[in-house]
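The structure appears right after this line, and notes come after that.
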Amino acid sequence: SNKFNGSVQLNKLFELKNFTSLELSLNNLSINVNVTIVSPSSFLSISNLRLASCNLKTFPSFLRNLSRLTYLDLSDNQIQGLVPKWIWKLQNLQTLNISHNLLTELEGPLQNLTSSLSTLDLHHNKLQGPLPVFPKYANILDYSSNKFSSFIPQDIGYYLSSTFFLSLSNNTLHGSIPSSLCNASSLRLLDISMNNISGTIPSCLMTMSGTLEILNLKTNNLSGPIPDTIPGSCGLSTLNLHGNQFNGSIPKSLAYCSMLEALDLGSKQIIGGFPCFLKEISMLRV
């Protein structure tokens with residue numbers, strides 16, 4: 001996060017015996033990724049590598065040798081094409097950020113991943129096809145602003161036992177909202193907005209507002225009534241259902257959402273009176 005420019009040769013840095021962390025992100029640097037392994041013992045000790053906005057065009061091949069790598073940030077570069085399958089085999093990798101690139105495909109197969117990833121950020125690429133397999137113990141999954149075009153897997157919720165942030169927004173996903181999402185009991189943010197999702201909202205999803213803080217389903221093709229199943233423990237701060245085809249009245253159980261700051265229903269088919277129990281809300285759009 002400075003204004004350094006010019007090129008960086010990594011060979012000399014990787015000769016340092018106790019070298020474990022390198023952060024060059026957010027400058028105006030160009031990185032020479034043609035690294036020769038001079039001292040394997042020092043080279044393999046790197047655990048933290050942050051090369052965001054470093055004018056990279058490809059995945060550096062030396063990464064596959066960094067067996068102790070736990071944090072990798074290659075965001076905001078110009079990396080194109082495939083995400084190589086060897087990146088999923090970095091057994092100690094916990095955070096992978098490859099957002100804001102020009103990636104189009106995840107090289108497979110992706111089944112039965114044993115990855116230890118807790119954060120996977122793929123947002124703002126051109127990734128196509130079905131949604132990738134979800135890392136078993138992931139806390140943060142951001143697949144937004146890509147070109148994923150499949151159904152949301154019906155069993156998705158069973159892979160999200162530790163996930164508290166899930167964004168699938170701004171893709172071309174279709175089908176319905178799987179009821180298995182209700183098994184993702186750790187979710188705090190769920191964003192499926194700006195897709196082609198149809199059907200109704202599973203009633204159990206509104207029940208999850210006891211733990212959910214942000215639920216964004218805007219700009220889909222959802223229909224039917226909004227389930228009146230919000231529990232007394234509602235913790236929602238944001239509920240956005242704008243741009244769907246909901247009908248019926250505003251659920252009275254929304255009155256339990258004392259922490260609600262923003263509510264956007266935005267459906268012309270909502271009937272009934274103004275919900276006076278929402279008078280403390282700071283942003284209301286119906």
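The values are calculated or read from the model by the stated rules, or taken from the named source; none is laboratory data. What you see is a predicted model; the values in this text were computed from it and never measured. FYI the Cβ positions are ideal-geometry reconstructions off the backbone, even for glycines, and counts take in every protein chain you see. With ligands, DNA and RNA removed, areas are computed over all heavy atoms of the protein, side chains included. Shrake-Rupley method; radii C 1.70, N 1.55, O 1.52, S 1.80 Å.
So, Phe165, is that one surrounded by fewer than 20 Cβ atoms within 10 Å (Cβ to Cβ), under 26 Å from Leu241 (Cβ atoms) and touching a residue at least 24 places away in the same chain (Cβ under 8 Å) or not?
Considered against the rule, which asks whether it is surrounded by fewer than 20 Cβ atoms within 10 Å (Cβ to Cβ), under 26 Å from Leu241 (Cβ atoms) and touching a residue at least 24 places away in the same chain (Cβ under 8 Å), Phe165 comes out as yes.
Scan region 238-258 residue by residue and report those that are among the hydroxyl-bearing types (Ser, Thr, Tyr) and open to solvent by 30 Å² or more (accessible area, probe 1.4 Å).
Thr238, Ser249, Tyr256, Ser258
Mind listing whichever residues of region 141-159 are over 20 Å from Leu117 (Cα atoms) and among the hydroxyl-bearing types (Ser, Thr, Tyr)?
Ser145, Ser149, Ser150
Quick check on my filter: what residues within region 52-77 are under 20 Å from the mean Cα position of the chain (by Cα) and either part of a loop (DSSP other than H, G, I, E, B) or in contact (Cβ under 8 Å) with a residue 40 or more places away in the chain (or both)?
Within region 52-77, Ala52, Ser53, Thr70, Asp73, Leu74, Ser75, Asp76, Asn77 qualify.
State all residues of region 135-148 that are open to solvent by less than 50 Å² (accessible area, probe 1.4 Å) and more than 13 Å from Ser186 (Cβ to Cβ); if no residue qualifies, say none.
Once the filter is applied, which keeps residues that are open to solvent by less than 50 Å² (accessible area, probe 1.4 Å) and more than 13 Å from Ser186 (Cβ to Cβ), region 135-148 yields Pro135, Asp142, Tyr143, Ser144, Ser145, Asn146, Phe148.
Does Leu96 meet the test of being touching a helix residue (DSSP H, G or I) at 6+ places or on another chain (Cβ under 9 Å), under 13 Å from Phe59 (Cβ atoms), open to solvent by less than 50 Å² (accessible area, probe 1.4 Å) and outside any loop (DSSP other than H, G, I, E, B)?
yes
Would it be correct to say that Thr119 is crowded, with 16+ Cβ neighbours inside 10 Å, of a type in the set (Ser, Thr, Tyr) and under 26 Å from Ser21 (Cα atoms)?
It is true that Thr119 is crowded, with 16+ Cβ neighbours inside 10 Å, of a type in the set (Ser, Thr, Tyr) and under 26 Å from Ser21 (Cα atoms).
Considering only region 151-168, state which residues are β-branched (Val, Ile, Thr) and part of a helix (DSSP H, G or I). Even if it seems obvious, please write down each step before you answer.
So in region 151-168, the residues β-branched (Val, Ile, Thr) come out as 152, 156, 163.
If the condition is that a residue be β-branched (Val, Ile, Thr) and part of a helix (DSSP H, G or I), then Ile156 is the only one that fits.
Residues are listed down the side, and each one gets a yes or a no for (1) within 14 Å of the chain's Cα centre (by Cα); (2) in a loop (DSSP other than H, G, I, E, B); (3) surrounded by 17 or more Cβ atoms within 10 Å (Cβ to Cβ); (4) at pLDDT 95 or above:
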site	(1), (2), (3), (4)
Asn170	yes, yes, yes, yes
Leu187	yes, yes, yes, yes
Leu190	yes, no, yes, yes
Met194	no, yes, yes, yes
Met208	no, no, yes, no
Leu212	no, yes, yes, yes
Lys218	no, yes, yes, yes
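Residue by residue through region 172-181, note down the ones that are open to solvent by less than 60 Å² (accessible area, probe 1.4 Å), outside any loop (DSSP other than H, G, I, E, B) and either touching a strand residue (DSSP E or B) at 6+ places or on another chain (Cβ under 6 Å) or more than 19 Å from Ser203 (Cβ to Cβ) (or both).
Hit for region 172-181 is Gly175, nothing else.
Restricting attention to region 5-24, report how many residues are of a type in the set (A, V, I, L, M, F, W, C) and either open to solvent by 70 Å² or more (accessible area, probe 1.4 Å) or in contact with a helix residue (DSSP H, G or I) (Cβ under 9 Å, 6 or more places away or on another chain) (or both).
Count: 5.
Just give me the residues in region 42-87 being open to solvent by less than 40 Å² (accessible area, probe 1.4 Å), in contact with an Asp or Glu (Cβ under 7 Å, 6 or more places away or on another chain) and of a type in the set (A, V, I, L, M, F, W, C), in sequence order.
Passing the criteria: Leu51, Ala52, Val83.
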